[in-house]
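The values are calculated or read from the model by the stated rules, or taken from the named source; none is laboratory data. Since this is a predicted model, take the numbers as computed values, not measurements. Don't worry about glycine lacking a Cβ; one is built from the backbone with ideal geometry, like all the others, and counts go over all protein chains shown.
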Amino acid sequence: MLGFAVVLAALNLRPAVTAAGSVLDEMRETLGATSTWAGALTTMPGLCFALAGSTAPWVAKKIGIGGAVAAALALLTAGLVIRVLDGQLVVLGGTLVATAGIALANVLIPVVVKESFTTRIGLITGLYTGALQAGGALGSAVTPQLDGAFGGWRPGLASWAVLSGVALVVWLVSVRTRPGAPAGAGSPQSTGRSLLRSPLAWIVTLFFGLQACLAYVVMGWLPEVFIDAGVSRGDAGLLLGLISIIGLPVSLVVPPLAGRGGSQSWWIVGLAAFGFAGVVGVMVAPAAAPVLWAVLIGLGMSVFSLALTTIALRARTGGDTARLSGMAQGFGYLLAALVPFLFGLLHDLTGAWTVPFLMLLVLVVVQMVFGFLAGRPRYV
């Protein structure tokens, strides 16, 4: 039951982001918003993941991990409803609430995996990240269809609150049926060492942040890039969905294999190289082979599953996992939060996509370096 609750919760941690990206052009037109506002909207998830995610260990200490994850899902559900009620500021505010909930769950669910599935970390992490990828795919591919069926982007986006509400109920049931289990317990034990003085913790953090830079630019901006190149809005949403769904089989297969070995370094570099090739393709000729570019970028973004795996494998205890997860996602998403905004700003300043994509390519190369270092078998 707990495993099912983890997967269902994970399924809800990406549609709030990818659903908005798939109808961003319609939102801008309806609200009279600028590219800078759109950049702020696409930056909001990463920024909130950084700020709210850093509080997750403290929240878990106060109300227990099970209660903290339940609170996270409640915030997500509320935010999904709030953000469709009014204009530009309300959209940003509702997105802030929803992504605050996602931030808490992002940090704490890997701790549940570490403590409740000790002998199956790679397998459960693969299922968890596979569900994340599937949720992202559904958000981008289904939302344009919901938009058409319900008569606008507002009911289309609000529909996702139903799924998160179901996840909240299932999570509460799973915690109640496992009294004394790690998912319902208080803050897990920690060695007490400050990770801010650990070079390895900073390497893991930079790796996590750099892979998130690519992910949030893709989720926030790639549909608009394809639309500008002549791809229809529906097809652009499906391409973003393809990017997310590509990560599903990779996330199910690669983490268990990489987790059994001593090092994950070359797995990380190999997946990132696919992403680099896909970004080059979109920069040079987005409409020439959009499906191929989507597949390559999807493979590159699948390195996220290994980013979560390294967080679990580089820590000895559940408490250290919580602190490393909070540090990596707090500082990492703070770095990632800046990039979608800079991407949109550079597009506004240059009137083209080349310069923003060149910036993104540099970040992917740096990600490979820190990912290689993070994948080596050591402990923080």
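Odds and ends about this structure:
- Condition check for residue 122: modelled with pLDDT under 80 and in a helix (DSSP H, G or I): yes
- Test: residue in segment 84-102 that is among the hydroxyl-bearing types (Ser, Thr, Tyr), crowded, with 24+ Cβ neighbours inside 10 Å, assigned to a helix (DSSP H, G or I) and touching a Cys at 6+ places or on another chain (Cβ under 7 Å): yes
- Residue 289 passes every criterion in (1) surrounded by fewer than 22 Cβ atoms within 10 Å (Cβ to Cβ); (2) in contact with a Phe, Trp or Tyr (Cβ under 7 Å, 6 or more places away or on another chain); (3) among the hydrophobic types (A, V, I, L, M, F, W, C) apart from (2).
- Helices (runs of 4 or more DSSP H) (entirely within segment 262-317) containing at least 2 residues that are at negative phi, touching a helix residue (DSSP H, G or I) at 6+ places or on another chain (Cβ under 8 Å) and without any contact (Cβ under 8 Å) to a residue 40 or more places away in the chain: 265-284, 290-301
- Residue 336 being over 17 Å from residue 112 (Cα atoms) and at pLDDT below 85: yes
- Residue match in segment 365-377 (condition: among the small types (Gly, Ala, Ser), in a helix (DSSP H, G or I), crowded, with 23+ Cβ neighbours inside 10 Å and at pLDDT below 90): no
- The numbered conditions (1) under 20 Å from the mean Cα position of the chain (by Cα); (2) surrounded by fewer than 20 Cβ atoms within 10 Å (Cβ to Cβ); (3) at pLDDT 95 or above are all true for residue 253 except (3).
- Test: residue 42 is within 24 Å of residue 332 (Cβ to Cβ) and part of a helix (DSSP H, G or I): yes
- Residue match in segment 328-342 (condition: in contact (Cβ under 8 Å) with a residue 40 or more places away in the chain, of a type outside the set (Asp, Glu) and over 23 Å from residue 50 (Cα atoms)): no
- Inside segment 347-364, residues that are touching a Phe, Trp or Tyr at 6+ places or on another chain (Cβ under 9 Å) and either within 15 Å of residue 276 (Cα to Cα) or assigned to a helix (DSSP H, G or I) (or both) make up a count of 7.
- Within segment 1-21, tally of residues that are outside any helix (DSSP H, G or I) and farther than 16 Å from residue 159 by Cβ: 2
- Checklist (1) in a helix (DSSP H, G or I); (2) in contact (Cβ under 8 Å) with a residue 40 or more places away in the chain applied to residue 75, failing item: (2)
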